[in-house]
1. Pick out the one residue from T184, T105 that is touching a His at 6+ places or on another chain (Cβ under 9 Å) and not basic (K, R).
2. Looking at (1) away from the ligand (no atom under 11 Å from the Cβ); (2) in a loop (DSSP other than H, G, I, E, B); (3) touching a residue at least 40 places away in the same chain (Cβ under 8 Å), find the lone condition where D74 falls short.
3. Among the residues of segment 24-31, is any over 23 Å from G138 (Cβ atoms), of a type in the set (D, E) and in contact (Cβ under 8 Å) with a residue 12 or more places away in the chain?
4. So for segment 353-363 (the condition being in a strand (DSSP E or B), under 32 Å from the mean Cα position of the chain (by Cα), at pLDDT 95 or above and assigned by TED's automatic domain parsing to the domain that holds R268), does at least one residue qualify?
5. As an exercise: evaluate Y82 against (1) modelled with pLDDT of 95 or more; (2) of a type outside the set (V, I, T); (3) surrounded by fewer than 18 Cβ atoms within 10 Å (Cβ to Cβ); (4) assigned to a loop (DSSP other than H, G, I, E, B) and give the number of the one condition it does not meet.
6. Does segment 301-325 hold any residues that are touching a residue at least 60 places away in the same chain (Cβ under 8 Å), part of a loop (DSSP other than H, G, I, E, B) and either in contact with an Asp or Glu (Cβ under 7 Å, 6 or more places away or on another chain) or not basic (K, R) (or both), and which are they?
7. Out of everything in segment 235-264 that is in contact with a Gly (Cβ under 9 Å, 6 or more places away or on another chain) and in contact (Cβ under 8 Å) with a residue 60 or more places away in the chain, what residue ends up being surrounded by the fewest Cβ atoms within 10 Å (Cβ to Cβ)?
Amino acid sequence: MGLPTALLLAKGGFRVKGYDIDTDKIQLLQNHILPFEEKGLETLFQEASKNFSVSEILEPSDVFIITVPTPLSDDKSCEMSYINSAIQKVKHVLRDGNLVVLESTVSPGTTTSIVKPILDETQKQYLLSYVSEKAIPGNTIYEMQHNHRIIGGIDQESAEKTKEIYAHFVESPIHLTDTTTAETVKLLENTYRDVNIALANEIAKRLAIQNIDAWEAIRLANFHPRVNLHQPGPGVGGHCIPIDPWFLSSDDTPLMKQSRIINDSMPRYVVGLAESLIKEKKNPIVVLLGVSYKGDVDDDRESPSYTIKKICEQKEMKVRLYDPNIKGNPEVLTDLSIATKDADCLILITDHSIFPDIDPLSITNMCQKNIVDTRDMIDSEKWSDAGFNVKVLGT
Ligand SMILES: NC(=O)c1ccc[n+]([C@@H]2O[C@H](COP(=O)([O-])OP(=O)(O)OC[C@H]3O[C@@H](n4cnc5c(N)ncnc54)[C@H](O)[C@@H]3O)[C@@H](O)[C@H]2O)c1
């Protein structure tokens, strides 16, 4: 999130310095090499280059925007060490009149109860805000400019000042509130999606018991003007949905926690579907079609494919990963015919738009012909005619 935000601000006319503890990233950027791929980032990098530089040292500035990671800790709370370390660094260069903006996803109350007390130790007069991010990998730059923005300030002046800065590149409405509400809104957005995906997954499991096609039932139910059921799948991946709902859930409000548990149970359920197809064989070979957590991107963070791989390996299956979108990872094959050689089962995991185009007749080198489709993407009849045993999740 940090790099696209920095570049958009630089393009918007600010002089922006990117600071990161990862010196490899700094060196890449100093050599004009982007550390990751994202649609439009290359062009933006060129357009912003006049105003953008990077540094291994955090220097005094007028505005500090913090976009450090906030992963899930072992007890499912928000891991705060990156934020604590970043705020300590800002504290040492903070001057009167500075604005500090936290963008990392956090538990409600973090800005006022953790960030502010550390900055208060400086006894400087500063402004402080929370701005949530909701850009999707593959369309990050467009969404950063076109999604509504929620900005929370510790006071009106902080919120207004932050709005003034973000308005240099945000073209949609910017809504002002307090920091805790802004932090919560970010969590609500992902919790909404997680709970709805959990409902779709539970529907898929339930309807499969009676061989009812969940995809068709959901499609038809969604013609109701007030119904918007989500799609089932092999589990939830990415940097936000599998993590953020934990920052809100509690034992007293079980729906959010239960939804996390249901979605986390899907990889094991999917492996069970594969097991039901594979005939007796020691160490069968399973090929996972798709490693990225969502279709047509190369982002594999928190991907259910890795969980499914682990579960298969615990059951002494051999696993091959196939994903033409993931480049430069020696563990991931990009040639389908190499992936399928002597394999016993394919599991379609990621909804890459190229997968329905795979011709089952072109796959001639498998040992047993089985396929589990967790996205209802393939033409089951065509694959059956080509000799495959087909199992579609939720049918
Ligand atoms: N990626 C997304 O799609 C997305 C969307 C919305 C919100 N977020 C949130 O934004 C935050 C950042 O996510 P990201 O995907 O950009 O993470 P990232 O891991 O891609 O980038 C974070 C960067 O922070 C650096 N860093 C760590 N500690 C630091 C420190 N003390 N000082 C300076 N730099 C430090 C890391 O080296 C890394 O380069 C997280 O809280 C995440 O939940 C991400």
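1. Answer to the check: T105.
2. Unmet for D74, out of (1) away from the ligand (no atom under 11 Å from the Cβ); (2) in a loop (DSSP other than H, G, I, E, B); (3) touching a residue at least 40 places away in the same chain (Cβ under 8 Å): (3).
3. As a first pass, look at segment 24-31 and keep what is over 23 Å from G138 (Cβ atoms): 24, 26-27, 30-31.
After this cut, where a residue has to be of a type in the set (D, E) as well, the list is 24.
Still in the list and also in contact (Cβ under 8 Å) with a residue 12 or more places away in the chain: none.
No: zero hits.
4. Within segment 353-363, not a single residue is in a strand (DSSP E or B), under 32 Å from the mean Cα position of the chain (by Cα), at pLDDT 95 or above and assigned by TED's automatic domain parsing to the domain that holds R268.
5. Exception for Y82: condition (4).
6. Once the filter is applied, which keeps residues that are touching a residue at least 60 places away in the same chain (Cβ under 8 Å), part of a loop (DSSP other than H, G, I, E, B) and either in contact with an Asp or Glu (Cβ under 7 Å, 6 or more places away or on another chain) or not basic (K, R) (or both), segment 301-325 yields E302, S303.
7. If we take residues in segment 235-264 being in contact with a Gly (Cβ under 9 Å, 6 or more places away or on another chain) and in contact (Cβ under 8 Å) with a residue 60 or more places away in the chain, then P242 is surrounded by the fewest Cβ atoms within 10 Å (Cβ to Cβ).
Conditions (1) buried (at least 20 other Cβ atoms within 10 Å of the Cβ); (2) among the charged types (D, E, K, R); (3) closer than 14 Å to M256 by Cα, marked per residue:
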{"residue": "H168", "(1), (2), (3)": "no, no, no"}
{"residue": "P173", "(1), (2), (3)": "no, no, no"}
{"residue": "T181", "(1), (2), (3)": "no, no, no"}
{"residue": "K186", "(1), (2), (3)": "yes, yes, no"}
{"residue": "N190", "(1), (2), (3)": "yes, no, yes"}
{"residue": "R193", "(1), (2), (3)": "no, yes, yes"}
{"residue": "I197", "(1), (2), (3)": "yes, no, yes"}
{"residue": "A204", "(1), (2), (3)": "yes, no, no"}
{"residue": "L207", "(1), (2), (3)": "no, no, no"}
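The values are calculated or read from the model by the stated rules, or taken from the named source; none is laboratory data. Note that the structure is a prediction, hence the values are computed from the model and not measured. Cβ sites come from the backbone with ideal geometry, for glycine too, and all protein chains shown count toward neighbours.
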